[in-house]
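To keep things clear, I will list the structure first and then write my remarks on it.
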Amino acid sequence: MPGWPRSSPRAGLETAEQVRDDRPMNSSPDDQKPFGAYAPNAMQRAVIAAAHGSGLKRGAFRPWLSRIVNLLGSGPIDANYQGASFRLHHLASGTERGALFNPDYNLPELDFLREHAPSGGTFVDVGANVGTYAVSLAKHVGERGRVIAIEPHPVSNARLAFNAAASKLTNLTLVKAAAGDTEGELMIETDGDNLGASHISETGGITVPAHRLLTILRDAGVTHVDALKIDVEGYEDRVLTPFFREAPESLWPRAVAIEHLEHKAWLHDCIKDMTGLGYGIAGKTRSNTLLVRKQ
């Protein structure tokens with residue numbers, strides 16, 4: 001069972017101006033260099049192109065491809081993914097490997113969210129990782145739109161900040177905290193070498209600020225949400241259950257993509273709860289359930 005937040009009132013919750021951050025805090029030396037410094041060389045480009053055009057882009061082959069690309073030139077790769085600029089640290093991140101080797105990575109979920117977050121709309125990404133959803137959707141909603149990216153892990157949110165800056169975004173607010181069921185702190189840890197699998201822990205890890213989703217949205221000045229994606233490794237119910245209980249219906253998102261792979265860790269079936277609140281299941285992918293609020 002995940003650890004519960006400790007009492008520390010509003011710790012780490014920054015103002016909307018402070019969290020609109022294009023400086024990669026807690027960054028590695030790799031992220032001090034401008035975008036383009038890690039453009040792939042000719043041999044790396046050939047491997048990446050071969051993956052893009054074949055079944056090698058599938059998940060089972062990507063760790064192997066990542067090692068080959070690293071042998072051909074160490075370090076991250078600067079690349080374009082879904083219309084945005086990313087520095088992809090592919091060796092130790094399954095998400096970043098996916099974005100590098102598969103141009104259609106998470107495409108059904110992205111297309112669903114784009115459909116419901118129009119130009120000028122608002123998108124919220126809970127568990128934003130390095131920004132493969134948040135940065136791409138920020139490009140989609142445009143300068144008049146807004147994206148709230150919530151990511152507690154300092155390495156991940158530093159990479160997200162770099163990618164947002166490389167993509168020249170001015171409409172992305174980065175919240176360097178975890179979303180949870182109360183105000184305080186949480187501990188998160190990463191198993192193995194996959195940064196994207198960071199999760200809530202009660203046995204160790206790093207301590208990060210934690211806030212209710214409603215608190216985060218209100219402090220960011222959000223008045224409506226067109227689409228929301230949540231992927232917090234089995235903690236989704238602790239975020240969504242109190243939100244739907246406390247938030248005004250005007251803040252309920254029109255569309256939600258929720259990762260269901262860790263649903264056995266939920267204390268409440270938040271998908272069932274959402275269908276009881278008037279959401280319909282519009283579709284499912286291997287990893288996510290897609291819901292739309294009925295009018």
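Here the label points at Thr285 and Leu72, each 7 Å from Cα along the C-beta direction, are separated by 2.6 nm in the simple model. For the chain, adding -39500 (n - 2.57) for each run of n ≥ 4 DSSP H residues and dividing by the number of residues yields -8500 deg cm²/dmol at 222 nm. Most tightly packed first, judged by the mean number of other beta-carbon atoms within 10 Å of their residues, the peptides 134-145, 253-264 read 134-145, 253-264.
Measure up Lys139/Lys176; Lys139/Lys264; Lys168/Lys229 against 30 Å on the Cα-Cα distance and list the ones that go over. Check vs 30 Å cut-off fails for Lys139/Lys264.
Bridges between two residues of the chain, per DSSP, are antiparallel at a rate of about 55%. The packing ranking of peptides 32-45, 215-228, highest mean first, is 215-228, 32-45, where packing means the average number of other beta carbon atoms within 10 angstrom of each residue.
Considering only Pro40, Phe86, Leu72, the residue lying farthest towards the positive end of the dipole of the range 37-128 is Leu72, judged by Cα position with unit charges set on Cβ.
Taken together, the values in this text are just the output of simple stated rules run on the coordinates, not laboratory data. Computed from a prediction, not measured in an experiment: that's the story for all the values here. Cβ: placed from backbone, ideal geometry, glycine included. Neighbour counts: every protein chain shown.
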